[in-house]
């Protein structure tokens with residue numbers, strides 16, 4: 001577990017723009033039970049989450065089409081919620097950060113850590129926008 005004072009600003013970066021803070025398995029189950037599109041960001045304290053994943057996910061929402069629901073779990077903090085989210089991301093192995101798009105509760109698009117690390121936020125946003133245009 002990471003100290004709360006370190007994690008809060010990293011969570012707020014997403015929650016301040018509308019991402020729902022998912023802290024329990026029920027939170028994950030509820031957001032994915034809707035027959036809509038849902039984006040889940042598995043947040044992390046690492047540099048690639050700060051420089052690439054969070055800014056890319058935020059920028060991706062500036063699109064004509066975007067997910068109906070947006071949520072985030074924090075790896076290393078919200079263990080129950082993170083495990084539940086990752087359970088819905090199978091067959092992809094656990095990684096953080098990662099970003100998953102679901103349609104009607106089914107995984108339709110996935111960005112794993114190796115798709116995020118070392119890539120600019122703009123490229124991540126463009127990748128997600130393309131997915132939104134197809135699935136949202």
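The values are calculated or read from the model by the stated rules, or taken from the named source; none is laboratory data. Computed from a prediction, not measured in an experiment: that's the story for all the values here. For neighbour counting, all protein chains shown are included, and Cβ atoms are generated from backbone atoms with ideal geometry for every residue, glycine included.
Residue check: is residue 68 surrounded by 23 or more Cβ atoms within 10 Å (Cβ to Cβ) and touching a residue at least 40 places away in the same chain (Cβ under 8 Å)?
no
Here is a yes/no grid of residues against (1) more than 18 Å from residue 131 (Cβ to Cβ); (2) in contact with a strand residue (DSSP E or B) (Cβ under 6 Å, 6 or more places away or on another chain); (3) not in a strand (DSSP E or B):
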| residue | (1), (2), (3) |
| --- | --- |
| 1 | yes, no, yes |
| 13 | yes, no, yes |
| 38 | no, yes, no |
| 56 | no, no, yes |
| 84 | yes, no, yes |
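Looking at 127, 52, which one is in contact with a strand residue (DSSP E or B) (Cβ under 8 Å, 6 or more places away or on another chain), modelled with pLDDT of 95 or more and either surrounded by fewer than 24 Cβ atoms within 10 Å (Cβ to Cβ) or assigned to a helix (DSSP H, G or I) (or both)?
Just one listed residue meets the conditions, 127.
Could you tell me which residue of region 89-115 is modelled with the lowest pLDDT, considering only residues that are farther than 17 Å from residue 25 by Cβ, touching a helix residue (DSSP H, G or I) at 6+ places or on another chain (Cβ under 6 Å) and assigned to a loop (DSSP other than H, G, I, E, B)?
That would be 95.
Mind checking whether some residue in region 56-74 is within 18 Å of residue 14 (Cα to Cα), over 14 Å from the mean Cα position of the chain (by Cα) and at pLDDT 95 or above?
Yes; the residues of region 56-74 include at least one that is within 18 Å of residue 14 (Cα to Cα), over 14 Å from the mean Cα position of the chain (by Cα) and at pLDDT 95 or above.
Taking the options 98, 46, 136, name whichever one is closer than 18 Å to residue 14 by Cα, over 14 Å from the mean Cα position of the chain (by Cα) and surrounded by 17 or more Cβ atoms within 10 Å (Cβ to Cβ).
Only one candidate qualifies: 46.
Taking residue 81, is it under 29 Å from residue 4 (Cβ atoms), surrounded by 19 or more Cβ atoms within 10 Å (Cβ to Cβ), modelled with pLDDT of 95 or more and in contact with a helix residue (DSSP H, G or I) (Cβ under 7 Å, 6 or more places away or on another chain)?
yes
Give me the residue from region 5-41 that is without any contact (Cβ under 8 Å) to a residue 40 or more places away in the chain and farther than 16 Å from residue 53 by Cβ and, out of that set, surrounded by the fewest Cβ atoms within 10 Å (Cβ to Cβ).
5
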